[in-house]
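Take a look at the structure set out below.
Derivation of every value follows stated rules applied to the coordinates shown; laboratory data play no part. Remember, predicted model here, so these are calculated numbers, not experimental data. We place every Cβ from the backbone using ideal geometry, glycine too, and count neighbours over all the protein chains shown.
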Amino acid sequence: MEEEIMFENLEAEIEDKKEKPKKTLKEELLDWGKTLLLYCVLPLALFQTFCFMASVPTGSMESTIPVGAQVLTTRSFDKDNIERGDIVVFDSEELGVVLIKRCIGLPGDEIAFDGSGSVYINGSRYYEDYISSYSDFEGEFTVPEDHYFFAGDNRGGSLDARYWEEPYIHKDNVKGKARFIIFPFSSFGALE
C-alpha cells in the first residue's frame, strides 16, 4: 500500500515536469540577469555609495593601524560631523595622495606641541592614549574655519600636518571616517 502511494506521487511529479514548457535561452538569461542584479550589482552599488576601502602605505598610524592594512571607511556626507579623535581618510592636495590620520584639531582650535610629546588644545593638555611614539616637535597652529588638523598616531614616525606647508585640510577634502580593519586578519576589528 505504501509503495503504491509513493509510486503515484512519483508519477504525479513526473507529469508536472512534463507539463512545464522548457525556458528559452532568452528567458534563462533574463532570469540569471535578474539574479545577478539583485544579489551582486545592487549590493555592490550600495556599498560603493556609502563605503569604500582605504589602504595605509606607511607606519604613520601604527600601532592603531598596521602598514599595508585595508580599512573599511564610511563616506562622510556631513563634513561638519568630524570630531576630535576620529580617524579620517582625506585627500591631501599638497601631497597629491589620499591619507589616513587622526583628527586632533577642529575649526577654530589652537594647537601647541611643546617638544616633549605633549599636545595642548585651546590651552589644555590633550591626553592621547593611542600614541605609539612621541616626537620632540615644537610648534603652534590655529585651525581656520572649515578646516581640520590631522596627525599620525606614530608621532615619532609620521609625516603629518606638523610638517606640511599647508597644515590644514579643508572639509571638502574629507572622504570619510575609517571604521574597521579588514586586512591583515591579525588586526581585524573596529577602530577607536
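Around the Cα centre of the chain, unit charges on the Cβ atoms of Lys, Arg, Asp and Glu (plus for the first two, minus for the last two) sum to a dipole of about 400 debye. The sum of -39500 (n - 2.57) across all DSSP H runs of n ≥ 4, divided by the residue count of the chain, sets its helix-only mean residue ellipticity at 222 nm to -6500 deg cm²/dmol. When the alpha carbon gyration tensor of region 54-190 is reduced to an equivalent ellipsoid, its three semi-axes come out at 22, 18, 13 angstrom, largest first.
Legend: calculated FRET efficiency, Asp146 to Val41, from the Cβ-Cβ distance at R0 = 30 Å, rounded to 0.05, equals 0.25. Only Cα pairs within less than 10 Å get springs; with that Gaussian network setup on the chain, which residue of Ser124, Ser158, Ser55 has the largest fluctuation? For the chain, modelled as a Gaussian network with Cα springs under 10 Å, the answer is Ser124. Among Lys171, Lys22, Lys79, determine the one that fluctuates most according to a GNM of the chain built with springs between C-alpha atoms less than 10 Å apart. Highest fluctuation among the options: Lys22. Between 0 and 90 degrees, rounded to the nearest ten: what's the tilt of helix 25-36 against the longest Cα principal axis of the chain? Once rounded, one gets 30 degrees.
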